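The structure appears below as structure tokens.
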Amino acid sequence: MFDTLSGKLGEVFDRLRRRGSLSEADVTEALREIRLALLDADVALPVVKDFIATVKEKAVGAEVLRSVSPGQMVVKIVNDALVEALGGAVVPVNLLAPSPIPILMVGLQGSGKTTTSGKLALRLRTRERKKVLLASLDTQRPAAQLQLEQLAQRAEVASLPIIAGQTPLQIAQRAMDVARREVFDVVILDTAGRLSIDAALMEEVKSIRFAVNPVETLLVVDAMTGQDAVTTATAFNQALGITGIVMTRLDGDARGGAALSMRAVTGAPIKLAGTGEKLDALDEFNPERIAGRILGMGDIVGLVERAAQNIDQAEAEKLAKRMAKGKFDLDDYASQLKQISKMGSLSGILGMLPGVGKIKKQIEDANLDTTMFKRQAAIISSMTKAERRNPDLLKASRKKRVAAGSGTSVQEVNKLLKQFDDMSTMMKRMNKAGGQEAMMRQMQ
Ligand code: GDP
């Protein structure tokens, strides 16, 4: 699922991220490609249009954080738009009603409705500790009732005894009576599916809904059917007013358009996702996680979020100015280290701080974590003001003093000085090559 879309968006962003600064033409071109990728993934046209308009508006208005590249910023904006299209937040199955809670399962034949009823029963029993009763209202296919009975056994929940000759409505009412009498928390009613939407099916479900007043009317749709899934959902929603959608076969190779269009077109939240044939292959539908899977750039998204939260903008600007002027001393280096430590995780963060790009590799090679930054910060704070301004003062005896004062070794002091030296040299070279702009570009 989502593989092609994911691949295409990946290409767009790879290109964007190679640029230090983005012109309007770059963004327009990227948006054009994102638009094509979404259409190709079978996302409904109005949804694509809205999506692109949102991204464009945000990208134009965005204040690009100094510490992240414009390309990274666009990734974050697209990510947020994807999360929004997928419905924003997780919407759980509503269990906040007096018991027994009736849940009506509706959908076309073959959508995975019966399997999902069994999966949901298992999930509610194991995760929510609910006492669940499963009942099949499918009188069209006797096999369907047996199928649900077997699923109930596997899920270790009760199923309503089958009585031949009852109408779906009678079965529904009997299920609710049994549930009240035997104190069940939840009753899952699996209705009959049809090959296509027809008026008789809708009327039948409507009468059941009227009789049992379900807390949830969950529509089960097959993600593999693409735009048809959206059409089905629209029809069911208009006729019945569904409260949520379960999308099955998200483990398949569907292009993803249905998942991305569903919320916008129907207004109903996707609550659950079927991800396989096994009984435990039912997950909550988590827009953030799915957007993350589509973009495959969770690290960048997290990076921009952390940068926005933690990086002190004024401090970063002050540093950049000092760098541009070729004035960068160990105090500035320490201030960078402090910002890095504040952010916690190291992966990917280094590259976004001006000037740290070059040492990033050395640090990665050494496979060090934030404790190294804390040690380095301790080394710098053991130096005198004069030494921090002018590290050349640090000869052997002073190094010994600093190492002892910071609880480190002369070797570590030397390593820090070497890194600082590398950085200063690189900055001077870049300043000569054309000032801050050029430097920033080279560091991306
Ligand atoms: P119903 O006619 O809507 O009740 O459909 P069924 O529940 O009988 O499911 C039809 C087929 O789809 C069965 O073989 C299920 O195992 C399969 N199925 C249901 N949900 C999923 C899913 O999320 N992923 C996969 N791969 N198969 C599923």
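A compact table of results
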item: Once the Cα gyration tensor of segment 101-285 is diagonalised, semi-axes √(5λ) in Å; result: 24, 18, 14
item: Net lengthening on full extension, Arg289/Thr384 (0.36 nm per residue, minus Cα-Cα); result: 29.4 nm
item: Greater than 22 Å apart at Cα, pairs in Lys8/Lys278; Lys8/Lys271; Lys327/Lys418; Lys318/Lys395; result: Lys8/Lys278; Lys8/Lys271; Lys318/Lys395
item: Cα centroid separation - segment 387-424 against segment 121-183, whole Å; result: 74
item: Under-5 Å amide H pairs with Thr191, H placed in peptide plane, nonlocal only; result: Met105, Leu137
item: Amide hydrogen neighbours beyond the local backbone of Ser159, cut-off 5 Å, H modeled; result: Leu134
item: Per-peptide average of other Cβ atoms within 10 Å, ordering 210-223, 120-133 highest first; result: 210-223, 120-133
item: Förster-model FRET efficiency, 56 Å R0, Asp331 and Asp40, C-beta, rounded to 0.05; result: 0.60
item: Sites Ser397 and Lys131, calculated FRET efficiency, Cβ-Cβ separation with R0 51 Å, nearest 0.05; result: 0.10
item: Pairwise FRET efficiency - Lys58 versus Leu169, Cβ, R0 = 45 Å, nearest 0.05; result: 0.35
item: As computed over segment 32-159, the Cα convex hull volume per residue (Å³); result: 182
item: Partners for Lys400 among aspartates and glutamates (Cα-Cα distance below 16 Å; same-chain residues under 8 apart left out); result: Glu387, Asp392, Glu412
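Since every read-out is calculated from the coordinates, none of them should be taken as a lab result. None of the values given here were measured: they were computed from a predicted structure. Reconstructed Cβ throughout: ideal geometry from the backbone, glycine too, with neighbour counts over all protein chains shown.
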